[in-house]
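Everything on this sheet refers to the single structure shown next.
The values are calculated or read from the model by the stated rules, or taken from the named source; none is laboratory data. Remember, it's a predicted structure, so these values are computed and weren't measured experimentally. FYI the Cβ positions are ideal-geometry reconstructions off the backbone, even for glycines, and counts take in every protein chain you see.
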(Lines give C-alpha, C1' and ligand atoms only; values in the text may rest on other atoms or scores of the structure.)
Protein backbone atom coordinates (compact mmCIF):
# COMPACT_ATOMS: atom_id res chain seq x y z
CA UNK A 1 0.00 0.00 0.00
CA UNK A 2 2.90 2.32 0.80
CA UNK A 3 4.24 1.91 -2.75
CA UNK A 4 0.84 2.69 -4.25
CA UNK A 5 0.62 5.89 -2.24
CA UNK A 6 4.12 6.89 -3.30
CA UNK A 7 3.25 6.25 -6.95
CA UNK A 8 0.17 8.42 -6.67
CA UNK A 9 2.21 11.12 -4.92
CA UNK A 10 4.85 11.08 -7.67
CA UNK A 11 2.15 11.45 -10.31
CA UNK A 12 0.83 14.52 -8.48
CA UNK A 13 4.17 16.35 -8.28
CA UNK A 14 4.24 19.55 -10.33
CA UNK A 15 6.23 19.17 -13.54
CA UNK A 16 8.32 21.89 -15.08
CA UNK A 17 7.06 23.59 -18.22
CA UNK A 18 9.83 21.96 -20.28
CA UNK A 19 8.84 18.44 -19.23
CA UNK A 20 5.17 19.18 -19.88
CA UNK A 21 5.94 20.52 -23.36
CA UNK A 22 7.93 17.39 -24.20
CA UNK A 23 5.11 15.15 -22.98
CA UNK A 24 2.41 17.07 -24.89
CA UNK A 25 4.36 16.51 -28.12
CA UNK A 26 4.36 12.71 -27.61
CA UNK A 27 1.79 9.94 -27.29
CA UNK A 28 3.37 8.70 -24.08
CA UNK A 29 6.58 7.88 -22.28
CA UNK A 30 8.33 4.88 -20.77
CA UNK A 31 11.18 4.50 -18.36
CA UNK A 32 12.78 2.68 -15.50
CA UNK A 33 12.82 3.72 -11.87
CA UNK A 34 14.54 3.03 -8.59
CA UNK A 35 12.61 3.99 -5.49
CA UNK A 36 14.39 4.40 -2.16
CA UNK A 37 12.86 4.99 1.25
CA UNK A 38 15.32 6.84 3.46
CA UNK A 39 15.51 7.33 7.20
CA UNK A 40 15.78 10.88 8.55
CA UNK A 41 19.53 10.24 8.75
CA UNK A 42 19.69 9.29 5.06
CA UNK A 43 20.11 5.53 5.44
CA UNK A 44 18.30 3.38 2.85
CA UNK A 45 15.45 1.57 4.63
CA UNK A 46 13.84 -0.02 1.58
CA UNK A 47 14.46 -0.04 -2.16
CA UNK A 48 12.52 -1.22 -5.19
CA UNK A 49 12.93 -0.90 -8.93
CA UNK A 50 10.98 -1.50 -12.10
CA UNK A 51 9.57 0.16 -15.18
CA UNK A 52 6.63 2.37 -16.10
CA UNK A 53 4.58 3.32 -19.15
CA UNK A 54 2.32 6.31 -19.54
CA UNK A 55 0.24 6.47 -22.71
CA UNK A 56 -2.29 9.09 -23.69
CA UNK A 57 -5.05 9.50 -23.02
CA UNK A 58 -5.83 7.05 -20.19
CA UNK A 59 -3.19 4.37 -19.56
CA UNK A 60 -0.63 4.02 -16.76
CA UNK A 61 1.54 0.93 -16.11
CA UNK A 62 3.78 0.69 -13.01
CA UNK A 63 5.69 -2.61 -12.73
CA UNK A 64 7.87 -3.30 -9.69
CA UNK A 65 10.38 -6.03 -10.54
CA UNK A 66 12.58 -6.06 -7.41
CA UNK A 67 12.57 -7.02 -4.62
CA UNK A 68 9.13 -8.46 -5.36
CA UNK A 69 6.93 -8.62 -8.44
CA UNK A 70 3.94 -6.24 -8.52
CA UNK A 71 2.00 -4.55 -11.28
CA UNK A 72 -0.37 -1.60 -11.14
CA UNK A 73 -2.35 -0.72 -14.27
CA UNK A 74 -4.72 2.22 -14.59
CA UNK A 75 -6.79 2.31 -17.77
CA UNK A 76 -9.77 4.55 -18.37
CA UNK A 77 -11.73 4.40 -15.09
CA UNK A 78 -10.25 1.23 -13.59
CA UNK A 79 -7.24 0.47 -11.43
CA UNK A 80 -5.82 -3.04 -11.06
CA UNK A 81 -2.99 -4.04 -8.75
CA UNK A 82 -1.45 -7.52 -8.93
CA UNK A 83 1.04 -8.95 -6.44
CA UNK A 84 2.32 -12.26 -7.78
CA UNK A 85 4.31 -13.07 -4.63
CA UNK A 86 1.19 -12.75 -2.45
CA UNK A 87 -1.05 -14.17 -5.20
CA UNK A 88 -3.40 -11.19 -4.84
CA UNK A 89 -5.26 -9.12 -7.43
CA UNK A 90 -7.10 -5.98 -6.34
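For region 52-68, give me each residue that is under 19 Å from residue 25 (Cβ atoms) and not in a strand (DSSP E or B).
Once the filter is applied, which keeps residues that are under 19 Å from residue 25 (Cβ atoms) and not in a strand (DSSP E or B), region 52-68 yields 56, 57, 58.
Counting only residues that are loosely packed, with under 10 Cβ neighbours inside 10 Å and closer than 18 Å to residue 63 by Cβ, which one in region 10-46 is modelled with the highest pLDDT?
Top of the filtered list is 34.
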